[in-house]
Amino acid sequence: MSTFTSSTVAVPGYRAIPRHVAIIMDGNGRWATARRLPRVAGHAKGVEAVRATVEACARRGVEFLTLFAFSSENWRRPAEEVSVLMRLFVSALEREVTQLQKNGIRLRVVGEISAFEPRLRELIAQAELRTAANQRMTLTIAANYGGRWDIMQAVQAALREQPELARHPELFGEQALAKHLAMAYAPEPDLFIRTGGEQRISNFLLWQLAYTELYFTDAWWPDFDAAALDRAIESYATRERRFGRTSAQVAAATPG
Ligand code: IPE
Ligand code: IPE
Ligand code: MG
């Protein structure tokens with residue numbers, strides 16, 4: 001069960017370094033096309049940007065980093081591209097987990113992973129188990145994830161657990177649902193980053209982004225690095241997170 005403050009139930013605490021950063025890694029295909037390379041070359045290069053971003057976030061004291069790797073709508077892509085993405089996921093798990101382990105990073109995967117091949121599911125389970133005790137940072141990969149899927153499965157799980165809620169819907173509170181969300185183990189994202197120039201959520205963490213600060217950059221994901229992350233965090237640090245209150249109230253509540 002989640003022990004974190006819901007932003008719509010109470011005002012969460014504030015830190016200049018976001019506790020939870022969630023990223024839509026977009027622009028791999030356009031990065032490759034601009035170089036006259038096949039789209040998949042962009043995805044391969046994107047894995048390097050993932051490595052750099054994971055390391056940079058851990059160094060800066062981010063506690064949760066969530067990366068959107070494959071959406072429930074990405075199955076609509078050509079079969080060839082989907083299969084390359086799956087192969088990249090497999091090889092990244094095979095190669096990177098040792099480093100995550102060394103760096104004290106816990107890996108979790110959220111999404112409907114039952115749709116994946118047995119080999120990939122097996123690697124995910126192994127990586128999660130192997131890194132389960134790590135506490136420095138939790139890296140979540142959202143794979144075959146959709147925000148609507150998450151809310152739907154949480155509603156279904158809540159009703160399965162407490163069938164009486166169907167007869168007394170007025171008892172169905174926020175927490176009854178939130179505790180079944182795939183990322184109930186994490187606070188809501190403080191900072192959302194989307195690379196690639198598009199300004200949309202694309203069915204990412206719909207419930208949890210209620211009060212998240214949004215940051216969009218035109219940089220393509222393969223070009224994203226520690227310096228780009230720092231620019232996003234600097235922008236975040238200038239935001240006034242009011243959570244429905246007035247500026248004067250925020251000032252009165254902020255120590256120093
Ligand atoms: C993001 O890059 C990676 C995935 C969605 C898997 P894209 O592949 O969407 O790149 P663009 O948007 O076509 O440039
Ligand atoms: C969002 O990127 C999903 C991931 C980054 C995994 P897309 O490139 O698929 O998003 P849309 O379709 O352009 O909104
Ligand atoms: Mg895209």
May I ask you to list the residues in the range 29-43 that are out of contact with any Phe, Trp or Tyr (no Cβ under 6 Å at 6 or more places or on another chain) and either more than 14 Å from ligand 2 (Cβ to nearest atom) or among the hydrophobic types (A, V, I, L, M, F, W, C) (or both)? A32, A34, R35, R36, L37, P38, V40, A41
Residues in the range 186-202 that are open to solvent by 30 Å² or more (accessible area, probe 1.4 Å) and in contact with a Ser or Thr (Cβ under 7 Å, 6 or more places away or on another chain) total 2
Any pair with Cβ under 7 angstrom, 6 or more apart, that starts in the range 14-39 at a residue that is over 30 Å from P255 (Cβ atoms) and ends at one that is of a type in the set (S, T, N, Q) and more than 10 Å from ligand 3 (Cβ to nearest atom): R39/T33
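Among the strands (runs of 3 or more DSSP E) contained in the range 81-195, which hold 2 or more residues that are farther than 28 Å from R239 by Cβ and modelled with pLDDT of 95 or more?
105-110, 137-145
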Which of the residues spanning the range 58-83 are open to solvent by less than 30 Å² (accessible area, probe 1.4 Å) and away from ligand 2 (no atom under 14 Å from the Cβ)? A58, V62, F64, L65
State whether one or more residues within the range 229-245 are within 16 Å of ligand 2 (Cβ to nearest atom), open to solvent by 20 Å² or more (accessible area, probe 1.4 Å) and in contact (Cβ under 8 Å) with a residue 40 or more places away in the chain. no
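The values are calculated or read from the model by the stated rules, or taken from the named source; none is laboratory data. Please read all numbers here as calculations on a predicted model, not as lab measurements. Neighbour counts run over all protein chains shown; Cβ positions are idealised from the backbone, glycine included. Ligands, DNA and RNA are excluded from the accessible area calculation, which covers all protein heavy atoms including side chains. Shrake-Rupley method; radii C 1.70, N 1.55, O 1.52, S 1.80 Å.
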